[in-house]
1. Would you mind stating whether residue 92 is modelled with pLDDT of 95 or more and more than 10 Å from the ligand (Cβ to nearest atom)?
2. In the range 1-18, which residue that is loosely packed, with under 15 Cβ neighbours inside 10 Å and assigned to a loop (DSSP other than H, G, I, E, B) is modelled with the lowest pLDDT?
3. If you check 180, 204, which single one turns out to be in contact with a strand residue (DSSP E or B) (Cβ under 9 Å, 6 or more places away or on another chain), outside any loop (DSSP other than H, G, I, E, B) and of a type in the set (Gly, Ala, Ser)?
4. Quick check: anything in the range 58-69 surrounded by fewer than 20 Cβ atoms within 10 Å (Cβ to Cβ), more than 30 Å from residue 238 (Cα to Cα), free of Cβ contacts under 8 Å to residues at least 40 places away in the same chain and more than 13 Å from the chain's Cα centre (by Cα)?
5. Could you list, in sequence order, all residues of the range 45-80 that are more than 25 Å from residue 128 (Cβ to Cβ) and in a loop (DSSP other than H, G, I, E, B)?
6. With the requirement that a residue be in a loop (DSSP other than H, G, I, E, B) and either in contact with a Phe, Trp or Tyr (Cβ under 7 Å, 6 or more places away or on another chain) or closer than 26 Å to residue 184 by Cα (or both), what does the range 212-237 give you?
7. What residue, of 76, 106, is assigned by TED's automatic domain parsing to the domain that holds residue 46, at pLDDT 95 or above, surrounded by 19 or more Cβ atoms within 10 Å (Cβ to Cβ) and in contact with a Lys or Arg (Cβ under 8 Å, 6 or more places away or on another chain)?
8. Pull up the range 95-107, narrow it to residues that are more than 14 Å from the ligand (Cβ to nearest atom) and assigned to a loop (DSSP other than H, G, I, E, B), then point me to the one that is farthest from the chain's Cα centre (by Cα).
Amino acid sequence: MTEADDAGDAGPSNERRWSGDVVVVGGGVAGLSTALFTARADLDTLVLQDGVSILQRNAILENFPGFPAGIDPRLFCLMLEEQVERAGCGHRESRALAVTRTDDGFAVETDDGTVEATRVVAASWSDTDYLDPLDVDLVDSGSKRYVPVDDAGRTGVDGLYAAGRLAERYHQAIVAAGHGSQVGITVVEDADPDFYHDWVTPEGYFTNRGREVPKGCEEISEEERRRRARRAHDRLGTYLDEWEDETPVPHPSFVGDVKE
Ligand SMILES: Cc1cc2nc3c(=O)[nH]c(=O)nc-3n(C[C@H](O)[C@H](O)[C@H](O)COP(=O)(O)OP(=O)(O)OC[C@H]3O[C@@H](n4cnc5c(N)ncnc54)[C@H](O)[C@@H]3O)c2cc1C
């Protein structure tokens, strides 16, 4: 994702404004999974990301289902970023500093201007400082601080959600991806209760049974299915062919950075 993709306007002070449906704070595994679902449901979504996913410290990701012998976690993050970008999501490399309520949602102050959204998803393991102005419940456990959520990812503040490790889910990438996706779908359903499933089905799957294609689903022809499968596999092949190995990101204590 690039800075240009987020469609933010530079204001008189050169601060970049943006307003839309959803701001996701944190572009790691959970946040990008949330954004994938909200963007695919046509909710105008912006991901704020300050720093890389903690997954980039991993040596080799061997327990994410679907990769028979594992996958390089840095390549995994790169491909997830492109997937979210293809879904139409904006992305800005900036840090969320403070979230406050507005008449119809939230304003998120960042180190690069203020952005506004109807809903905010906190997926920023392990920073909760920017939530302080909202007076949201937080739970301390040892040196860590978590944001409690209900089964669907809602916090006690209407319109504010939390996803992934920050919401005290298990510390595994597939769990963060699953929880981020669940929170994304919750956001979509809160915005539009008629939304059904984000499914792509073969032509006739619903309509040949006398049903309308539900909102959120798409029926595609056999020709289109072949085209999309070819495109998907070609793209994957290019990534695998061109990937150049990168060493893991070290723990901050090895580079004198105290941020966990
Ligand atoms: C050394 C190591 C090895 C691991 N190995 C495995 C493994 O083998 N298998 C496995 O399943 N899991 C593994 N994990 C765990 C896995 O990486 C995490 O569970 C997962 O990444 C959590 O996802 P998340 O989205 O909650 O957090 P993250 O992926 O860390 O994403 C959080 C994002 O939020 C950003 N952020 C934080 N504060 C702000 C802010 N104020 N504004 C904007 N952005 C912000 C961060 O920079 C980051 O990009 C490993 C973790 C480590 C450290």
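The values are calculated or read from the model by the stated rules, or taken from the named source; none is laboratory data. Remember, predicted model here, so these are calculated numbers, not experimental data. As a convention, Cβ positions derive from the backbone with ideal geometry for all residues, glycine included, and neighbour counts pool all protein chains shown.
1. Details: modelled with pLDDT of 95 or more: yes; more than 10 Å from the ligand (Cβ to nearest atom): no.
Answer is no for this residue.
2. Filtering first and then ranking leaves 2.
3. Values: 204 fails: outside any loop (DSSP other than H, G, I, E, B).
Only one candidate passes the filter, namely 180.
4. Checked against the condition, which is being surrounded by fewer than 20 Cβ atoms within 10 Å (Cβ to Cβ), more than 30 Å from residue 238 (Cα to Cα), free of Cβ contacts under 8 Å to residues at least 40 places away in the same chain and more than 13 Å from the chain's Cα centre (by Cα), the range 58-69 yields no hits at all.
5. Going residue by residue through the range 45-80, those that are more than 25 Å from residue 128 (Cβ to Cβ) are 59-72, 74-76, 78-79.
Those that are more than 25 Å from residue 128 (Cβ to Cβ) and in a loop (DSSP other than H, G, I, E, B): 59, 60, 62, 63, 64, 65, 66, 67, 68, 69, 70, 72.
6. Of the range 212-237, the ones in a loop (DSSP other than H, G, I, E, B) are 212-217, 221.
If the condition is that a residue be in a loop (DSSP other than H, G, I, E, B) and either in contact with a Phe, Trp or Tyr (Cβ under 7 Å, 6 or more places away or on another chain) or closer than 26 Å to residue 184 by Cα (or both), then 212, 213, 214, 215, 216, 217 are the ones that fit.
7. Values: 76 fails: in contact with a Lys or Arg (Cβ under 8 Å, 6 or more places away or on another chain).
Being assigned by TED's automatic domain parsing to the domain that holds residue 46, at pLDDT 95 or above, surrounded by 19 or more Cβ atoms within 10 Å (Cβ to Cβ) and in contact with a Lys or Arg (Cβ under 8 Å, 6 or more places away or on another chain) holds for just one of 76, 106, which is 106.
8. 103
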